[in-house]
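Working notes, structure below.
The values are calculated or read from the model by the stated rules, or taken from the named source; none is laboratory data. Worth saying up front: this structure is predicted, and the values here are computed from it rather than measured. Cβ sites come from the backbone with ideal geometry, for glycine too, and all protein chains shown count toward neighbours. What goes into the accessible areas is simple: the full protein's heavy atoms, side chains included, and nothing from ligands, DNA or RNA. Shrake-Rupley method; radii C 1.70, N 1.55, O 1.52, S 1.80 Å.
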Amino acid sequence: RVMFGAIEALASLAESQDACKLGRSKRVTEYAAGIGLALWLPGHTVRGLRVMGQLVDVGMLQIPRELLWRPGTLAPSEFELVKTHAERGYEVLRAIEFPWPVAEVVRQHHERLDGSGYPRGLKGEEILLEARIVAVADAAEAMLAQRPQRAPLSLNACIEELQSQAGRRYDARVVKACVKLLRERETRTDNSEATVGQRIA
């Protein structure tokens with residue numbers, strides 16, 4: 001209980017660094033855990049994905065707040081600074097003896113299968129499975145959430161983008177599981193709204 005309480009507190013602190021991302025860690029966590037379940041991963045691994053999803057942005061605590069709060073496109077040098085959050089998050093977490101590779105997954109969640117990611121340009125199986133899952137969860141959340149500089153993408157547009165990068169930037173099995181999860185959530189939401197409407201009528 002102490003560990004999970006501390007994780008939640010740290011995640012909330014990291015989230016407060018960027019006002020436009022309130023609720024982000026919870027959404028990334030839900031997507032990552034949902035993908036893990038869809039892939040039939042062991043319960044222990046899914047619990048680890050919940051921790052990784054919550055802590056994915058902890059490195060943002062060391063990025064200047066005025067940079068994160070400012071609307072508009074970042075200059076190349078500013079974007080390079082923001083990209084250091086993955087390595088900074090690793091440095092914050094690596095001394096904690098989690099029963100999962102939390103620090104390394106936080107470090108790797110922007111790596112891509114084709115080697116185009118950062119901070120180390122890892123490829124394919126060099127990237128931990130959990131990091132490949134969190135990468136897709138993180139991307140889906142970013143596309144579906146409101147941001148100061150853009151409106152959220154539609155669910156179909158998000159799915160199309162993920163599928164277009166399956167096997168290239170993202171793990172194809174993970175994308176397939178994420179798409180299934182997103183479509184199931186949409187169906188549940190539609191059914192829930194219909195039920196509410198029927199009750200009101």
Given the Cα-Cα distance of R188 and R1 and 0.36 nm per residue of separation, how much length would full extension add, in nm?
-> 64.2 nm
Where nothing but the Cβ of Lys and Arg (+1) and of Asp and Glu (-1) is charged, how large is the charge dipole of segment 87-162 around its Cα centre, in debye to the nearest 20?
-> 240
Rolling a 1.4 angstrom probe over the protein heavy atoms, how many square angstrom per residue are accessible across segment 1-158?
-> 48
Point-charge dipole on Cβ atoms (K/R +1, D/E -1) for segment 1-106, about Cα centre, debye to 20 | 320
Sort the chain into rounded, prolate or oblate with this rule: let a ≥ b ≥ c be the square roots of the eigenvalues of the Cα gyration tensor; rounded if a/c is under 1.5, and if a/c is not under 1.5, prolate when a/b is larger than b/c, oblate otherwise.
-> rounded
Which is farthest toward the positive dipole end of the chain among G72, L39, L10, measuring Cα position about the Cα centre, with Cβ charges +1 (Lys, Arg) and -1 (Asp, Glu)?
-> L39
Out of residues 5 or more away from Y170 or on other chains, whose amide H comes under 5 Å of its own, with H placed 1.01 Å from N in the peptide plane?
-> L113
About its Cα centre, the chain carries a charge dipole, from +1 on Lys and Arg Cβ atoms and -1 on Asp and Glu Cβ atoms, whose size in debye to the nearest 20 is 300
State the percentage of accessible surface on segment 34-73 attributable to carbon and sulfur atoms; use a 1.4 Å probe and exclude ligands, DNA and RNA.
-> 60
Which residues does a label at R94 reach in segment 101-132, if reach means a backbone N under 11 Å from a point 7 Å past the Cα toward the Cβ?
-> 103-104, 107
Which aspartates and glutamates have a Cα lying under 13 Å from the Cα of K123, excluding residues fewer than 8 positions away in the same chain?
-> E111, D114, D171
